[in-house]
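Here the structure is laid out as C-alpha cells; the discussion comes afterwards.
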Amino acid sequence: MQYLDNVFFLILLIAGFGLFGKSLYKIYRNIRLGREINRSDRKAERWETMARVAMGQSRMVKRPIAGILHLFVYVGFVIINIELIEIIVDGIFGTHRFLATIFGHTFYNFFTATLEILAILVIIGVVLFFIRRNFYGVKRLTMKELFGWPKNDANWILIIEFALMVAFFTMNSSDFILQQRGVLAAHGSFPISEMTLVPFLEIFSFDTVFLEIVERGAWWFHFIGILFFMNYLYYSKHLHIILAFPSTWYANLDLYGKFNNLESVTKEIKLMMDPNADPYAAPAEGAEEAPSKFGAEDVFDLNQVQLLNAYSCTECGRCTSVCPANITGKKLSPRLILMKTRDRLEEVGRNIDKNGKFEDDGKKLLNDYITKEELWACTTCNACTEACPVLLDPLSIIFEMRRFLVMEQSAAPQELNLMMTNVENNAAPWQYNQADRLNWAKD
C-alpha cells in the first residue's frame with residue numbers, strides 16, 4: 001500500500017504523455033496532407049532566426065507592453081516547468097526535492113528562489129493579460145471573429161496558468177513551514193512564498209497534518225494541472241508554444257513580396273520564346289511533371305509549411321490590425337485566413353479518424369471557409385507577414401487560392417481580366433497601342 005501513490009502517479013504520467021503524443025501525431029499527420037516543400041537551405045540562417053524570433057521573442061517587443069508581459073509569462077512558465085523533472089522523479093521514487101541532491105544546497109536555493117520570482121512575474125502577466133483582453137477594449141482582441149471559442153480559449157489558458165502558479169506557491173509555502181518544523185528536510189529558498197502565503201498560513205497556526213495535506217494536495221494539483229494543460233494545447237491556439245519553433249525554422253527567408261513562379265509555366269514560356277525549340281519533343285528524362293492543379297482549392301493543395309502556419313497561429317491579431325483592407329472595412333482578416341485554414345484541416349483530420357482515409361465531404365477551403373471576397377480584398381502589401389511575431393505567412397495562402405481562381409477557374413475580377421488582356425495585346429496594362437505610347441510627350 002505504501003507504493004500506491006507512486007503507482008498512481010506513474011499511471012497518470014504515462015497516460016498524460018501518451019495522449020499528448022497521440023495529439024502531436026495527429027497534427028503531424030494533418031500537416032503531411034499538404035504538398036511537400038523544400039525549406040532545408042540556409043541552415044545557419046534558419047537556426048539563427050529560430051533562436052532570435054521563437055526563443056528570443058524579438059518580434060514580440062515591437063509592441064513593448066504586450067511584448068514584455070508575454071516575455072514574463074513565456075520565460076517564467078517554461079523555466080518553472082523545469083521543475084517537472086523533479087516532480088516526475090519525486091513522484092516515481094517517493095523522494096522529496098530530488099534536484100537538491102544534484103544541485104547542492106547553495107545552487108538549489110538559488111534555483112528555487114529564481115523559480116519563485118519568475119512565478120510571481122507569470123501571475124502579474126496573466127492577470128494583466130486577462131484584464132487587457134476582457135476589460136481594456138483592445139480592438140484586435142475584441143473583433144467579431146474571436147467571439148465564442150477563441151475568446152474563451154484565451155481566457156481559459158490564462159486561468160489555468162494562474163491556478164498552476166497559485167498551486168506552486170501553496171506547495172512551496174506549506175513545504176517551507178513543514179521544513180521549519182523539522183517534518184521535511186530543509187531544501188530550497190522561497191522568498192515570495194515567505195512574504196505572501198507563509199504568514200497567512202502561520203496566522204491560523206494550522207497543525208502539521210493539515211499542512212501535509214495542503215502540501216501534497218498542491219503538489220498533485222500542480223502535476224495533474226501540467227498534464228491537463230499539455231493535453232489541452234491540441235485544442236487551443238496555444239499550440240504556438242511548441243510549433244513556433246518549427247514555424248520560424250521553416251519560415252520563408254526570401255524578400256517580402258517575392259512570389260514563387262511555377263516551374264512548369266516558366267518552362268512552357270521558355271519553350272514558346274525559343275525559336276529552336278521543338279514543341280513536339282518528349283520531356284527530358286527526369287523532368288518535373290506539370291502539377292495536376294494550379295494554386296490551392298483545398299488544404300491538400302497548400303504546402304506543408306502553410307499548414308504548419310495554420311496550426312501555429314497565436315490569434316494575436318497583429319496581422320489584422322495592420323491590414324489595410326481590414327482597416328478600411330473590407331471582409332479580409334489575415335488572422336481569420338489562418339484560423340479558417342486550421343478549422344478546415346481539423347475537419348479533414350476528423351474525417352480521416354472516422355473513415356480511416358479521407359472521404360469526400362463535398363466541402364473545400366475555397367468558398368466553404370474562405371470566400372472570394374476575402375481573397376480579392378488583399379493588396380499583397382505583406383504588412384501581415386511583417387507584423388507576425390512568429391513569421392507566419394497568411395499572404396502565401398491567399399496568393400495560392402487566387403492563383404487557383406485565375407488559372408483553374410478563370411474567375412479573376414473584371415478589372416484584372418482587362419489588365420491581363422491589355423498586357424497580352426499591348427505589352428502594357430493600359431489599353432493603348434504600342435505605337436501610341438509616347439504620344440503624351442509630343443507636346
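The values are calculated or read from the model by the stated rules, or taken from the named source; none is laboratory data. None of the values given here were measured: they were computed from a predicted structure. Heads up, the Cβs are rebuilt from the backbone with ideal geometry, glycines too, and the neighbour counts pull from every protein chain shown. Areas reflect the complete protein model, heavy atoms only, side chains present, ligands, DNA and RNA absent. Shrake-Rupley method; radii C 1.70, N 1.55, O 1.52, S 1.80 Å.
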Exactly one of (1) closer than 30 Å to Val183 by Cβ; (2) modelled with pLDDT of 90 or more is unmet by Glu36. Its number?
(1)
Given (1) closer than 30 Å to Ala185 by Cα; (2) open to solvent by 30 Å² or more (accessible area, probe 1.4 Å), identify the lone condition not met by Val122.
(2)
Name the pairs: first residue in the range 134-147 and farther than 24 Å from Asp343 by Cβ, second residue assigned to a loop (DSSP other than H, G, I, E, B) and open to solvent by 50 Å² or more (accessible area, probe 1.4 Å), Cβ to Cβ under 8 Å, at least 6 apart or on different chains?
none
Applying the selection to the range 327-365, what residues are surrounded by 23 or more Cβ atoms within 10 Å (Cβ to Cβ) and either free of Cβ contacts under 8 Å to residues at least 24 places away in the same chain or of a type in the set (Gly, Ala, Ser) (or both)?
Ser333
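In this structure, is Asn425 over 34 Å from the mean Cα position of the chain (by Cα) and open to solvent by 70 Å² or more (accessible area, probe 1.4 Å)?
Answer is yes for this residue.
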Residue in the range 144-163 that is open to solvent by less than 10 Å² (accessible area, probe 1.4 Å), out of contact with any helix residue (DSSP H, G or I) (no Cβ under 7 Å at 6 or more places or on another chain), closer than 17 Å to Leu239 by Cβ and assigned to a helix (DSSP H, G or I) present:
yes
Scan the range 244-268 for residues that are touching a Ser or Thr at 6+ places or on another chain (Cβ under 8 Å) and either hydroxyl-bearing (Ser, Thr, Tyr) or open to solvent by 50 Å² or more (accessible area, probe 1.4 Å) (or both) and jot them down.
Ser247, Thr248, Asn252, Tyr256
Please verify whether the range 75-95 includes one or more residues that are over 26 Å from Gly16 (Cα atoms) and in the same structural domain as Asn172 (by the TED database).
no
Tell me whether the range 222-241 contains one or more residues that are open to solvent by 40 Å² or more (accessible area, probe 1.4 Å), outside the structural domain of Glu86 (by the TED database), modelled with pLDDT of 85 or more and closer than 22 Å to Gly76 by Cβ.
yes
